[in-house]
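Notes for the one structure printed next.
The values are calculated or read from the model by the stated rules, or taken from the named source; none is laboratory data. Quick caveat: nothing in here was measured; it's all calculated off a predicted structure. No Cβ is skipped: glycine too gets one built from the backbone with ideal geometry, and neighbour counts run over all protein chains shown. What goes into the accessible areas is simple: the full protein's heavy atoms, side chains included, and nothing from ligands, DNA or RNA. Shrake-Rupley method; radii C 1.70, N 1.55, O 1.52, S 1.80 Å.
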Amino acid sequence: VQLQASGGGLVQAGGSLRLSCAASGRTFSTFGMGWFRQAPGKEREFVGVISGDGGTIHIADSVEGRFTISRDNAKNTVYLQMNSLRPEDTAIYYCVGNPWGSMSHSSSVWPYWGQGTLVTVSS
């Protein structure tokens, strides 16, 4: 399985971005999918996860109410909608996948990682 993330860029504080992650493979609908991020000089951080059918979503407290996750299984794509962005959201964002449907918040559980897309929020 290959994951290709896109949609990062430079945005002013208060703005919005939507990240996309396209996955290869024919069993995408069984995959748990998620997003992690890593800011400069900081450890990798859980952002959110969505179940295979899209019916269950977990969002980190730090982005709750501002970020949402969705997926389109017909397009093998998962999205991260980011609103009300803050400078502290600046990071490389990684999409992740696992074939077991796990909803884990631990990065060590996820076998498939995209290449990362940089989000920079200016103040």
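Go through GLY9, GLY25 for me and flag whichever is under 18 Å from SER122 (Cβ atoms) and exposed (fewer than 15 other Cβ atoms within 10 Å of the Cβ).
Being under 18 Å from SER122 (Cβ atoms) and exposed (fewer than 15 other Cβ atoms within 10 Å of the Cβ) holds for just one of GLY9, GLY25, which is GLY9.
Name the pairs: first residue in the stretch 37-61 and at pLDDT 95 or above and of a type in the set (Asp, Glu), second residue surrounded by fewer than 16 Cβ atoms within 10 Å (Cβ to Cβ) and assigned to a strand (DSSP E or B), Cβ to Cβ under 8 Å, at least 6 apart or on different chains?
If the second residue must be surrounded by fewer than 16 Cβ atoms within 10 Å (Cβ to Cβ) and assigned to a strand (DSSP E or B), the pairs left are GLU45/GLN38.
Just name the residue that is farthest from GLY55 (Cα to Cα) out of those in the stretch 88-115 that are of a type in the set (A, V, I, L, M) and open to solvent by less than 60 Å² (accessible area, probe 1.4 Å). Outline the logic, then answer.
Keep residues of the stretch 88-115 that are of a type in the set (A, V, I, L, M), which gives 91-92, 96, 103, 109.
From the residues that got through so far, the ones that are open to solvent by less than 60 Å² (accessible area, probe 1.4 Å) too are 91, 96, 103, 109.
On the way: ALA91: 27, VAL96: 18, MET103: 12, VAL109: 21 Å.
Among them, the one singled out is ALA91.
Going through the stretch 65-87 one residue at a time, which ones are open to solvent by less than 60 Å² (accessible area, probe 1.4 Å) and part of a strand (DSSP E or B)?
PHE67, ILE69, SER70, ARG71, ASP72, THR77, VAL78, TYR79, LEU80, GLN81, MET82
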